[in-house]
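Let me begin by presenting the structure, written as structure tokens, before commenting on it.
The values are calculated or read from the model by the stated rules, or taken from the named source; none is laboratory data. No experiment lies behind these values; they were computed from the predicted model shown. Here the Cβ positions follow ideal geometry from the backbone for every residue, glycine too, while neighbour counts run over all protein chains shown.
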Amino acid sequence: MGTILVVDDEPTILDLLVELLQEEGHATLAARDGVAAREALGRAVPDLVITDAMMPRLDGPGLIRWMRQQPELHDVPVVLLSAVVRIDPADLGAVAFVAKPFDLATLLGAVAAAIGRTPS
């Protein structure tokens with residue numbers, strides 16, 4: 001399976017996503033905001049990034065814009081999550097938008113489509 005960086009400022013959501021993805025067989029990295037995510041992306045290039053839209057220091061759209069400017073991260077797919085903001089993922093270069101609270105099947109389907117694998 002793939003390596004997925006999960007970025008969310010809510011510890012409960014971050015822990016839930018990490019646990020869910022690990023149960024599906026993925027390796028995970030975690031960051032609590034876009035600044036921490038940039039640091040993690042400087043150490044490893046994941047197969048997918050799942051990021052919340054609204055976070056302190058650097059929000060999800062800002063993280064995606066930064067990633068698209070980095071040659072080594074330009075093509076890494078991103079799934080954007082948000083409870084409040086409705087964003088067309090294509091406007092930011094993301095592959096999918098998933099509304100919070102998310103349905104697990106919807107999220108796993110977006111992950112599978114982004115990295116080309118079938119959820120278990």
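Quick one: which of Asp75, Asp91 is farther than 19 Å from Asp47 by Cα and exposed (fewer than 15 other Cβ atoms within 10 Å of the Cβ)?
Among Asp75, Asp91, only Asp91 is farther than 19 Å from Asp47 by Cα and exposed (fewer than 15 other Cβ atoms within 10 Å of the Cβ).
Report yes if some residue within the stretch 1-12 is modelled with pLDDT under 95 and out of contact with any strand residue (DSSP E or B) (no Cβ under 7 Å at 6 or more places or on another chain); otherwise report no.
Scanning the stretch 1-12, I find at least one residue that is modelled with pLDDT under 95 and out of contact with any strand residue (DSSP E or B) (no Cβ under 7 Å at 6 or more places or on another chain), so the answer is yes.
Could you please tell me which pairs satisfy a Cβ distance under 9 Å, a separation of 6+ or placement on different chains, a first residue in the stretch 22-37 that is without any contact (Cβ under 8 Å) to a residue 24 or more places away in the chain, and a second residue that is part of a loop (DSSP other than H, G, I, E, B) and surrounded by fewer than 18 Cβ atoms within 10 Å (Cβ to Cβ)?
Here the result reads Glu23/Ser120; Val35/Pro56; Val35/Arg57, each pair linking the stretch 22-37 to a residue that is part of a loop (DSSP other than H, G, I, E, B) and surrounded by fewer than 18 Cβ atoms within 10 Å (Cβ to Cβ).
Looking at the stretch 99-120 only, could you name the residues that are without any contact (Cβ under 8 Å) to a residue 24 or more places away in the chain and either out of contact with any Ser or Thr (no Cβ under 9 Å at 6 or more places or on another chain) or surrounded by 18 or more Cβ atoms within 10 Å (Cβ to Cβ) (or both)?
The answer is Pro101, Phe102, Asp103, Ala105, Thr106, Gly109, Ala113, Gly116, Thr118.
Quick check: is even one residue across the stretch 39-54 surrounded by fewer than 19 Cβ atoms within 10 Å (Cβ to Cβ) and within 23 Å of Pro101 (Cα to Cα)?
Yes - at least one qualifying residue is present in the stretch 39-54.
Taking the residues in the stretch 49-97 that are acidic (Asp, Glu) and not in a loop (DSSP other than H, G, I, E, B) as candidates, determine which candidate is farthest from Asp15 (Cα to Cα).
For the stretch 49-97, the residue satisfying everything is Asp91.
Name the residue, out of Glu72, Glu24, that is in contact with a Pro (Cβ under 8 Å, 6 or more places away or on another chain) and of a type outside the set (A, V, I, L, M).
Glu24
Of everything in the stretch 1-42 that's more than 12 Å from the chain's Cα centre (by Cα) and among the small types (Gly, Ala, Ser), which residue is farthest from Ala83 (Cα to Cα)?
Gly42
Any idea which of Leu58, Leu41, Leu73, Leu92 is modelled with pLDDT of 95 or more, under 18 Å from Val111 (Cα atoms) and not β-branched (Val, Ile, Thr)?
Exactly one residue qualifies, and that residue is Leu73.
Let me confirm something: among Leu80, Leu58, which residue is surrounded by 20 or more Cβ atoms within 10 Å (Cβ to Cβ) and touching a Phe, Trp or Tyr at 6+ places or on another chain (Cβ under 8 Å)?
Leu80
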